[in-house]
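Notes follow the structure.
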Amino acid sequence: MNKNWLFAVALLSLLLGGSLIAQNRPTPNRIGYVDAEKVVQAHKDFKKVQDIRNQAERELKPIRDQLQPLEAKLRAGNATAKEQQDYRVLAQSLQEAGKKWTDRTNAALKPITEEIDQVIARVAQQQGFAMVFDKKVAATSGLVVYAADELEITDAVIKALPK
């Protein structure tokens, strides 16, 4: 019983002491937003992502071009059994190739977005923001219907990116 009482007192003092310390620090209360797509495109390594996307388009376009007439025949209901089979094979090839290129693009984007997240956090803290939304996500979701221009930190984040 004595150990439990001592533990309870220690825990209570930690909780109260921590809350007193937290009250002494100013709490950011501003909410900002950033155009994440613009920041990603401004990153020094974004060209690698563009190159991957261009390679993907060069590989996927011929498959799409072959699929279009077959799909039209299927919709019209006058595709032969061979054309139906060709369509299935090409559609599967397109899906697999698309997944491969999506994975490559995501792998190239991951270190960029991780670095950008750190820069956004640093800029937000420096400017006293408690929270930062992605401009497009907030607008399209209906989460935010109005935001003052001075709450946008996109340019500050771009300036803070490593060169």
Query raised in the report: Is there any pair linking a residue in the stretch 88-108 that is of a type in the set (Ser, Thr, Tyr) to one that is surrounded by 11 or more Cβ atoms within 10 Å (Cβ to Cβ) and modelled with pLDDT of 95 or more, with Cβ under 9 Å and at least six apart or on different chains, and which?
Result: Ser93/Ile63; Thr102/Ala56; Thr105/Val49; Thr105/Ile52; Thr105/Arg53; Thr105/Ala56
Query raised in the report: Among the listed residues Val145, Val137, which satisfies the condition of being modelled with pLDDT under 95, among the β-branched types (Val, Ile, Thr) and in a loop (DSSP other than H, G, I, E, B)?
Result: Val145
Report summary line: With criteria (1) open to solvent by 90 Å² or more (accessible area, probe 1.4 Å); (2) over 20 Å from Asp45 (Cα atoms), Val89 comes up short on (1)
Query raised in the report: In this structure, does Glu37 turn out to be part of a helix (DSSP H, G or I) and over 30 Å from Gln126 (Cα atoms)?
Result: no
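Yes/no matrix, rows are residues, columns are (1) closer than 13 Å to Arg30 by Cα; (2) in contact with a Pro (Cβ under 8 Å, 6 or more places away or on another chain); (3) open to solvent by 40 Å² or more (accessible area, probe 1.4 Å):
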residue	(1), (2), (3)
Ile116	no, no, no
Arg122	no, no, yes
Gln125	yes, yes, yes
Val132	yes, no, yes
Val137	no, no, yes
Ala148	yes, no, no
Val157	no, no, no
Query raised in the report: Can you pull out the residues in the stretch 42-86 that are free of Cβ contacts under 8 Å to residues at least 12 places away in the same chain and either within 25 Å of the chain's Cα centre (by Cα) or open to solvent by 90 Å² or more (accessible area, probe 1.4 Å) (or both)?
Result: Lys47, Gln50, Asp51, Asn54, Glu57, Arg58, Lys61, Gln68, Arg75, Asn78, Lys82
**Report entry** Any hit, the stretch 15-30, residues being at pLDDT 80 or above, closer than 24 Å to Ala124 by Cβ and either open to solvent by less than 100 Å² (accessible area, probe 1.4 Å) or β-branched (Val, Ile, Thr) (or both)
**Finding:** yes
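The values are calculated or read from the model by the stated rules, or taken from the named source; none is laboratory data. Given the structure is predicted, the values throughout are model-derived calculations rather than measurements. No Cβ is skipped: glycine too gets one built from the backbone with ideal geometry, and neighbour counts run over all protein chains shown. Surface accessibility is based on the protein's heavy atoms, side chains included, excluding ligands, DNA and RNA. Shrake-Rupley method; radii C 1.70, N 1.55, O 1.52, S 1.80 Å.
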